[in-house]
Amino acid sequence: MIYKKIFFLSLMCFFFFVTCFSQKVVVHAFIENRKTSTNNDTIYYDFHRNLTWSDFKGKPIENYFAGAVTASGFAFDSQMNFDGKTIYLNIGIYTFFTKHDSWKKPNVNSEYHLMHEQHHFDITEIGSRKFMDELQKAHFTKENYAALLTSLFDKVYKENMDMQHDYDKETNHSLNVEKQLEWNKKIDAEILKLKQSIALKN
């Protein structure tokens, strides 16, 4: 059985409501602390909450080669304020999993294969954190902030898609056990770095 990941991208619209003449732009990029509701179709990434097979609510495609599909993505909300001298751009980023677009076939129930799908979700979170880092390092001006925000998102999105594809290609969608274990260690190490970075900031 082959396990394939479908990656969904949701790019939230951002808005601009004032004419600004200042050259200074202050950007605050952060990970939104969105909470998952039991009755909600969306699961927001949480280091303390792994996926379970019961989260895969979609209808399986019987003639599809994959045994399970994970639908996840990262997105952002953006708000702009202007105090007469400075543009303040607040960018909240979040990672999500949609239950109705994620599915598994009845014979797919193992923890091994669930971990493969969880790591797709983890890779998505790695992408959202990379996007935040890129925003914090970028030089925004009143002339470039709209185009730069979009271009950085597109850049990180492509890199994240490449990582997702490499993961499935090298593990053969989890069938290559040796490579799967290598990727498990690699992804777990990246997630641990993120946790440690958050702990240092708190």
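Worth a mention:
- Summing charges over all other residues whose Cβ lies under 11 Å from the Cβ of residue 24, with Lys and Arg as +1 and Asp and Glu as -1, gives +1.
- Against the chain, whose longest principal axis is taken from its Cα atoms, helix 111-137 shows a tilt of about 10°.
- Using only side-chain charges placed at the Cβ, +1 for Lys and Arg and -1 for Asp and Glu, the dipole size of segment 110-185 relative to its Cα centre rounds to 340 debye.
- For segment 53-130, the relative contact order works out to 41 percent when only alpha carbon pairs closer than 8 Å and six or more residues apart are counted.
- Taking label points 7 Å from Cα along the Cα-to-Cβ direction, residue 143 and residue 88 give a separation of 2.6 nm.
- Residue 24-residue 77 FRET efficiency (beta carbon distance; Förster radius 22 Å; 0.05 resolution): 0.50
- Seen against the Cα atoms of the chain and their longest principal axis, helix 145-171 is set at about 20 degrees.
- For the chain, size of Cβ-based charge dipole, Lys and Arg +1, Asp and Glu -1, in debye: 320 debye
- Helical mean residue ellipticity (222 nm; -39500 (n - 2.57) per DSSP H run of 4+; nearest 500) of the chain: -14000 deg cm²/dmol
- Annotation for residue 39 and residue 165: the two label points, set 7 Å from Cα along the Cα-Cβ direction, are 4.1 nm apart.
- Charge-dipole axis of segment 101-174 as Lys and Arg at +1 and Asp and Glu at -1 on Cβ define it, positive-most pick from 138, 102, 118: 138
- Neighbour-count ranking [beta-carbon atoms within 10 angstrom, fewest first] of 83, 168: 83, 168
- Helix 177-201 and the long axis of the chain differ in direction by around 30°, with both axes built from C-alpha atoms.
- The local environment of residue 186, defined by Cβ-Cβ distances under 12 Å, has a net charge of -3 under the rule Lys, Arg +1 and Asp, Glu -1.
Where a number appears in this text, it was derived from the coordinates with a stated rule and is not lab data. Predicted model only: the values in this text are computed from it and were never measured. Cβ atoms come from the backbone with ideal geometry, glycine included; neighbour counts cover every protein chain shown.
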